[in-house]
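A short worksheet on the structure shown next.
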Amino acid sequence: MTGISESQRRLIISMLQEGDDRWKIAEEVGVSPQTVSAIKAHLTMGTYREIPSPATDELIDAEETTFGLERDLQIALRSNIQQLEEGLVVIDGGKEFVTEAGRIDILAKDAAGTIVVIELKAGKASPQALTQLLAYVGVIGERGDENVRGILVAADFHPRIVFAVKAIPSVQLRRYRFRFTFEPVGES
């Protein structure tokens with residue numbers, strides 16, 4: 001993390017206390033939305049002091065790394081959407097789809113014409129990720145698209161998610177994996 005100044009921290013805290021949206025705060029202050037989320041998490045837990053501890057900065061670093069990984073995952077999946085499911089077509093214009101419930105990572109349509117809400121999580125998805133996906137599916141369903149389903153993509157899933165999805169036929173889980181290749185450069 002490049003670090004944020006003390007004045008940026010104070011402004012973030014002030015705007016959070018006023019109830020401003022993290023995206024608005026991030027844009028106005030010039031930080032990532034994940035930095036705002038990390039500070040908000042510490043405020044909520046009561047572990048944030050006026051002068052942050054090294055642990056606070058480490059959490060902010062971790063949040064920003066996770067955000068970068070999710071962004072890379074999103075770019076890769078958008079370019080290879082057929083790997084997730086044959087017949088999927090991205091319909092969100094190449095960027096996150098903004099709704100009343102938040103920003104949908106990828107909005108697609110399957111071969112049968114069903115709208116597919118795709119939520120991406122770097123690392124292990126917590127139960128909150130399923131709640132987030134269901135909120136997005138609900139808000140898209142309210143728009144008049146009767147056929148809506150969701151796919152949650154993560155490296156792994158909390159056991160509660162795996163059990164819960166058994167009762168929700170309109171939601172699927174997909175695990176991603178990385179595969180690195182190493183090629184020589186400049187060798188003859």
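The values are calculated or read from the model by the stated rules, or taken from the named source; none is laboratory data. The shown structure was predicted, so the numbers you read here are calculated from the model rather than taken from an experiment. Cβ coordinates were reconstructed from backbone atoms using ideal geometry, including for glycine residues, and neighbour counts include every protein chain displayed.
Do you know which of the residues in the range 109-131 that are of a type in the set (D, E, K, R) and surrounded by fewer than 19 Cβ atoms within 10 Å (Cβ to Cβ) is farthest from LEU77 (Cα to Cα)? Full working, then the answer.
Step one: of the range 109-131, the residues of a type in the set (D, E, K, R) are 109-110, 119, 121, 124.
Within this subset, residues satisfying the condition of being surrounded by fewer than 19 Cβ atoms within 10 Å (Cβ to Cβ) are 109-110, 124.
Values: LYS109: 14, ASP110: 15, LYS124: 17 Å.
Among them, the one singled out is LYS124.
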Here is a check on your reading of the model: is PHE182 of a type in the set (Phe, Trp, Tyr), modelled with pLDDT under 95 and more than 28 Å from GLN34 (Cβ to Cβ)? yes
Could you check the range 140-170 and list, in sequence order, the residues that are surrounded by 16 or more Cβ atoms within 10 Å (Cβ to Cβ), more than 19 Å from ASP92 (Cβ to Cβ) and of a type in the set (A, V, I, L, M, F, W, C)? ALA154, PHE157, ILE161, ALA164, VAL165
Do you know which residues across the range 96-108 are out of contact with any Lys or Arg (no Cβ under 8 Å at 6 or more places or on another chain) and either among the hydrophobic types (A, V, I, L, M, F, W, C) or surrounded by 12 or more Cβ atoms within 10 Å (Cβ to Cβ) (or both)? VAL98, THR99, ALA101, GLY102, ARG103, ILE104, ASP105, LEU107, ALA108
Kindly indicate whether any position in the range 132-139 is in a strand (DSSP E or B), among the aromatic types (Phe, Trp, Tyr) and either crowded, with 17+ Cβ neighbours inside 10 Å or more than 15 Å from the chain's Cα centre (by Cα) (or both). no
